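> Could you have a look at this structure, given as structure tokens, before my questions?
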């Protein structure tokens, strides 16, 4: 009788471990998805600011149409990116074009002193800061999830149920710092 009880207890322990491990993987996966959603929300906020910024600068620098077109094209490309790698690549291009836009703005002191431009610049800097914070949060969740997928014996269960490693969202090279305008 005690032998049967020990076997039953062992079976229940294994079943409990499977349930806890699976639930832990699901929870970590959902944390990664939630963190990625936070990044997308902040990127959308940034994308929504860009047309206003372009129009504000355009009012002063009508002859710089090429810069405005490049910013708009880069914004559209960034908005259509799907994976973290695509986002990193398109954000790199977008940040580069925004720096060009700010370089144009530097030639117009009245523009730089305007409240609308200053508000847009502040909001864009704030958006960049929030994107960076969301990226750190996402990458932390990805790190934790990927570790769970790699450690034994959880890796056996992860492979069985189709959990796969997630990629980090690396900051674009140019976007390591928010665009800055000197006054």
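> By per-residue mean of other Cβ atoms within 10 Å, what is the highest-first order of 8-14, 40-46?
Result, highest mean first: 40-46, 8-14.
> Of the peptides 149-159, 87-97, 119-129, how do they stack up when ordered by the mean number of other Cβ atoms within 10 Å, highest first?
87-97, 119-129, 149-159
> Ordered by packing density, taken as the mean number of other Cβ atoms within 10 Å over each peptide's residues, highest first, how do 23-34, 47-58 rank?
47-58, 23-34
> Run the numbers on the chain and let me know its relative contact order in percent, using alpha-carbon pairs under 8 Å that are six or more apart.
Relative CO of the chain lands at 32 percent.
> By how many degrees, between 0 and 90 and to the nearest 10, does the Cα long axis of helix 2-58 differ from the longest principal axis of the chain?
That works out to roughly 0 degrees.
> Given (i) 51, 14, 11; (ii) 90, 22, 10; (iii) 48, 16, 12 as candidate values of semi-axes √(5λ) of the Cα gyration tensor in Å, which corresponds to the one derived from the coordinates?
Matching the structure shown: (i).
> How tilted is helix 115-150 with respect to the longest principal axis of the chain? Cα atoms for both, answer in degrees (0 to 90, nearest 10).
20 degrees
> Once the Cα atoms of helix 65-79 and of the chain are each reduced to a long axis, what angle between those two axes, in degrees from 0 to 90 to the nearest 10, is obtained?
Relative to the chain, helix 65-79 is tipped by roughly 10 degrees.
Read-outs throughout are calculated quantities, based only on the coordinates presented, and are distinct from any laboratory measurement. The shown structure was predicted, so the numbers you read here are calculated from the model rather than taken from an experiment. Cβ sites come from the backbone with ideal geometry, for glycine too, and all protein chains shown count toward neighbours.
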